[in-house]
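One structure is given below, encoded as structure tokens.
The values are calculated or read from the model by the stated rules, or taken from the named source; none is laboratory data. Predicted model, so just to flag it, every value in this text is computed and none were measured. As a convention, Cβ positions derive from the backbone with ideal geometry for all residues, glycine included, and neighbour counts pool all protein chains shown. Quick note on the areas: whole protein, heavy atoms, side chains included, nothing else; ligands and nucleic acids left out. Shrake-Rupley method; radii C 1.70, N 1.55, O 1.52, S 1.80 Å.
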Amino acid sequence: MSEKAKCCVIGTLLVAALGYVQVGLGQDAGTKAQANQKEPPVQGKNTDSKGPQTASGQVATPSDFVIGESDVLNINVWKEPEISQSVVVRPDGKISLPLIGEVLVRGLTPVQTQTLLTNKLQSILTNPQVTVTVTEIRSRVAFITGEVGKPGAYPLLVPTTILQLITNAGGLGQFANKKGIFLLRTVDGKQQRFPFNYSHVIKGEKPEQNILLHPGDTVVVP
């Protein structure tokens, strides 16, 4: 084969190879483009929230929980951000909200408070939807201090004894004086002291010392 013929053959092969590469690259680019496309939205599926929103940080309270002084409530009125807010129950048992002013909520459950606020807003808003949640309980707490795992304030959502409070607080510390524990309670403005012998109570002895706690009680573990 002459040199000229050889050059023609080589040129033809190069052109074919380049065309193959370009086709391959184009197919690969099209595949990637299809892969990067978002899936079309599913008809009938709406990801926007269209209902009343519940409060985050809600405390799991029993259905018969009664709101008291210093409790923190989240008032959520659907589509009314100006009214929706977090409020603290004042010493007089009332809260204040835009448009409706002061409302007495002490002694009511969260559901009863929802109904009360809904009724007050009906003359102002069209079909108000109100959600009331308790985000912090301050009216019904007992305190424990000293040689326990987690000293602090604990809500009294259910009847709770001294022994149960110690358990909730992580148990006694290594150097706790099991026989010297006592409860402090204020009655008629005077502080009273009740002894609690942990060693006896856990053995079933002196059960009368394992009394039910009242809001404001303090258990001291020396």
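With 0.36 nm allotted per residue and the present C-alpha distance subtracted, the F194-Q122 stretch has 20.8 nm of extension available.
Here each label is just a point 7 Å from Cα along the line to Cβ, and for K206 and K150 those points are 2.8 nm apart. Computed over protein heavy atoms with a 1.4 angstrom probe, the accessible surface ordering of D188, D64, D217, D92, largest first, is D188, D64, D92, D217. Only protein heavy atoms count here; on that basis, with a 1.4 Å probe, I83 has an accessible area of about 0 Å².
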